[in-house]
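Engineer: One structure, pasted below without further comment.
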Amino acid sequence: MLAIEKDCESMGDRLRDLVRDFGVARLIILIFLGILIASAYFLKLPMGQILSSILTRFGMNGVLVLAMIPSIQCGAGPNFALPLGVTCGIVAATLSIELNLVGFQAFFFALLVATPLGALTGYFYGLLLNKVKGQELTVGTYFGFSIVSLMCIFWTLVPFKSPEMIWPYGGSGLRVTISLQDRFDKVLDSFLSFQIGEVTIPTGLLLFFGALCLLIWLFNRSKTGIAMLTVGNNPRFAESSGLNVNKYRVIGSVLSNALAAVGIVVYAQSFGFLQLYMAPLFMAFFAVASILIGGATLRRATVWHAIIGCFLFQSILVVSMPVANVVVADNLAEVVRIIISNGIILYALTRREAGGDVR
Amino acid sequence: MNGDGTPELPVRRQGFELGEFLQRNVVPIFFLIVCIFGGYHSGLPLPFLINEIITRMARNSFLVISLIIPILAGMGLNFGIVLGAMAGQFAYVITVNLGMAGLSGFLWTAVLCFPMAVVFGWLTGMLFNNAKGKEMITGIILGFFANGVYQFVCLYLLGKFIPIPVKSMLLSTGIGLRNTVDIKPMHYALDNLWKVRFKIPGVIFPIIIPMVTILVVLGLCFLLHYLFKTKLGQDFRAVGQDRHIAAVAGIKVDRVRILAVIFSTVLAGWGQVIFLQNLGNINTYGSHVQVGTFAVAAILIGGASVTKATIGQALLGTLLFHTMFIVSPLAGKNLMGNAQIGEYFRVFVTYGVIGLALALHAWQSRARDKKRLRDAEEAA
């Protein structure tokens, strides 16, 4: 990303610097994606469908990836406790079904409940993170896991009555998967959507995602946003310039979890189902991997990183599925997803970063 | 019986302070209460419970003990033992295919597991050295990553590029392992060597103790105890206390850290071999996944922390964790009318105790750092 402006360097050096800056792992992933797309083309797979699918999945997962930005920017690293915000969003969505809302009304009600709920839990989580500086990633991972399993008990006990959510023949608790077909399934996707050739553009979804990106971009340029970036970059310097480090870290956590709560509602409306119980357990890892693929590090992330990363990661997933089906066997796409997403996180963890150790 | 197994405290004969004792051992005491409460409400007959506990202690202790060395070496909880477990499972796939059985088959599995575990441990150690201070999260992610590679090998390479003579292991397509792989020839290879049966008057079921397995675990405990007294053991401790001081003292820090991980991975591999001979089959895509989490939760419940662990804590933790494991579904059913709740509670406690221990550790070490900084400032 950074331009190399040393004229005296030879071409080879420059190229090497460029590659190092871009990262070997990212290069491998790009080449892999190139091979996938080429083979999809030669296998005569329906490229229009693939592209539509990439666009939908890009918007569907985008907000969850955006949730990583404030957390990384405030210096707490990628938010591995994403399931915390996600469960808030799911609670809000179930509430909108329980109140028998439909369409955009249901969707916006869910957002309206999800955002403050996510922000509130994010606030308390931020307080916790301030106590465990330097270990945010491990603590976050297991905090997220425990919340998911605790919420399993909640789903079993919650006294919701809507027949769409409870088991049809007795049994306590909510279903594992709730269909949103008659609720807010694809309200954003189909809003103003149109076709170019074979490609369907989910206009509403992309607009919504774009608006959120713009909001974060603007926030990064606001006074609070810049202060938060400073705190994340160099806490000592921030402290000596009179910034309250802990306060801005809490703000980062609040924003991150609120975005996660919004993100899952958007995800669910596009997916068409609401997944409860253990489903959010591994959601954080894919979001973390996405933003890292986009060029973010454990300490630095921008909106562009999220957009590029989410697009690349989802492209790989979407393209690899049909290609793997034709070439080898089913299920390989899932294995590829596990290897790529965790591989890129490992790569980021072991990289020595400019600007000091994570401590 | 449960209450006496508390971890070894530094011997302090002058006056026993109850408050301090409680404070030091708050975690095991809490779980002891949970276990007794749950055990009472589960309604399980005591002999059955004791039998279950003995079986589970015998098959899980080895895995939990494998976590101790990296903790001493200052690398925290080694979530990377998942790789050791994978080595054990690969070794079983080989020995079953070579048609081995019984004790010799079991021993060959352990032998074959060794080189694989050493290589995995070495790679893990190198990775950890590149991520100093972030070993635990690296270990967690490494476990997931390795699981992806493992699935790739088991689903697409075995049977296609690597010949598998025993066709019953493979899926109907002839490529990839089945979900459950039978290792019947080695079932109870170790446990059945010498079983002691206790008959309690008035109770139908006798209490059965697999003596050899327990002796193996005890042997490991003594070996470790001895290891800590050797030069290498002291090096582990020195590196664990302060990497920089150890380096100044002439210890090759990176090498010692890699050795610690190799030890841990090899022990975990053998632990998984023992674990699976008791089970009699391998859940190909699941057996190893939980190994890291369960072993870590067990040692933490025993009162260990990220920086301190003893053999006693590992054994006590295994006892408490698995007792909770046995009783919680039934207790959940009897108390809440739903076995599923007990199940979820168990998962919650597993994750929660790890999260809490990690948070407490970070909290304390930050307080210590702050104090050190303040002292340094005052001195300056």
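The values are calculated or read from the model by the stated rules, or taken from the named source; none is laboratory data. The model shown is predicted, which means the values in this text are computed figures rather than measured ones. Positions of Cβ are backbone-derived with ideal geometry, glycine not excepted, and every protein chain shown enters the neighbour counts.
Engineer: Taking the criterion of being over 27 Å from A:ASN130 (Cβ atoms), hydroxyl-bearing (Ser, Thr, Tyr), within 11 Å of chain A (Cβ to nearest Cβ) and not in a loop (DSSP other than H, G, I, E, B), would at least one residue in the stretch B:329-351 satisfy it?
Structural biologist: yes
Engineer: Follow-up question, since we're still on this one. Considering A:LEU99, A:LEU157, A:LEU112, which residue is surrounded by fewer than 24 Cβ atoms within 10 Å (Cβ to Cβ) and either aromatic (Phe, Trp, Tyr) or within 14 Å of chain B (Cβ to nearest Cβ) (or both)?
Structural biologist: Exactly one residue qualifies, and that residue is A:LEU157.
Engineer: For A:THR121, indicate whether it is of a type in the set (Ser, Thr, Tyr), in contact (Cβ under 8 Å) with a residue 12 or more places away in the chain and within 15 Å of A:ASP182 (Cα to Cα).
Structural biologist: No; evaluated as a whole, the condition is false for this residue.
Engineer: Just give me the residues in the stretch A:138-154 being more than 7 Å from chain B (Cβ to nearest Cβ) and farther than 21 Å from A:SER253 by Cβ, in sequence order.
Structural biologist: A:PHE154
Engineer: For the structure I just gave you, tell me whether A:ASN325 is within 8 Å of another protein chain (Cβ to nearest Cβ), assigned to a helix (DSSP H, G or I) and over 17 Å from A:SER52 (Cα atoms).
Structural biologist: no
Engineer: Can you tell me which residues in the stretch B:126-141 are more than 7 Å from chain A (Cβ to nearest Cβ) and either under 25 Å from A:LEU281 (Cα atoms) or of a type outside the set (D, E, K, R) (or both)?
Structural biologist: Of everything in the stretch B:126-141, those that are more than 7 Å from chain A (Cβ to nearest Cβ) and either under 25 Å from A:LEU281 (Cα atoms) or of a type outside the set (D, E, K, R) (or both) turn out to be B:MET126, B:PHE128, B:ASN129, B:GLU135, B:GLY139.
Engineer: Moving to a separate point now. Just checking: which of the helices (runs of 4 or more DSSP H) contained wholly in the stretch B:188-268 hold 1 or more residues that are more than 23 Å from B:PRO115 (Cβ to Cβ) and of a type in the set (Ser, Thr, Tyr)?
Structural biologist: Once the helices (runs of 4 or more DSSP H) in the stretch B:188-268 are filtered for at least 1 residues that are more than 23 Å from B:PRO115 (Cβ to Cβ) and of a type in the set (Ser, Thr, Tyr), what remains is B:211-227.
Engineer: Follow-up question, since we're still on this one. Based on what the data block shows, is B:THR307 closer than 23 Å to B:ALA268 by Cα and assigned to a helix (DSSP H, G or I)?
Structural biologist: Judged against the criteria, B:THR307 is not a match.
Engineer: Please go through (1) surrounded by fewer than 24 Cβ atoms within 10 Å (Cβ to Cβ); (2) farther than 30 Å from B:ARG237 by Cβ; (3) touching a Phe, Trp or Tyr at 6+ places or on another chain (Cβ under 7 Å) for B:GLY39 and return the number of the only condition it doesn't satisfy.
Structural biologist: (3)
Engineer: What number goes with the only condition from (1) more than 7 Å from chain A (Cβ to nearest Cβ); (2) more than 20 Å from A:SER146 (Cα to Cα); (3) of a type in the set (D, E, K, R) that B:ARG366 does not pass?
Structural biologist: The failed condition is (1).
Engineer: Moving to a separate point now. Being more than 19 Å from A:GLN275 (Cβ to Cβ), surrounded by 19 or more Cβ atoms within 10 Å (Cβ to Cβ) and touching a Phe, Trp or Tyr at 6+ places or on another chain (Cβ under 7 Å) is the filter here; which residues of the stretch A:175-211 pass it?
Structural biologist: A:GLY204
Engineer: Let me ask you something else. Go through (1) in contact (Cβ under 8 Å) with a residue 60 or more places away in the chain; (2) more than 30 Å from B:ARG24 (Cα to Cα) for B:GLY271 and report which single condition fails.
Structural biologist: Exception for B:GLY271: condition (2).
Engineer: Looking only at the stretch A:79-101, which residues are of a type outside the set (A, V, I, L, M, F, W, C) and within 16 Å of A:TYR123 (Cα to Cα)?
Structural biologist: A:ASN79, A:PRO83, A:GLY85, A:THR87, A:GLY89
Engineer: Which of the residues that make up the stretch B:167-177 are surrounded by 15 or more Cβ atoms within 10 Å (Cβ to Cβ) and more than 14 Å from chain A (Cβ to nearest Cβ)?
Structural biologist: Residue satisfying the conditions is B:MET169 alone.
Engineer: Here is a further query. Take the conditions buried (at least 24 other Cβ atoms within 10 Å of the Cβ) and at pLDDT 80 or above and apply them to B:ILE326. Does it pass?
Structural biologist: No; evaluated as a whole, the condition is false for this residue.
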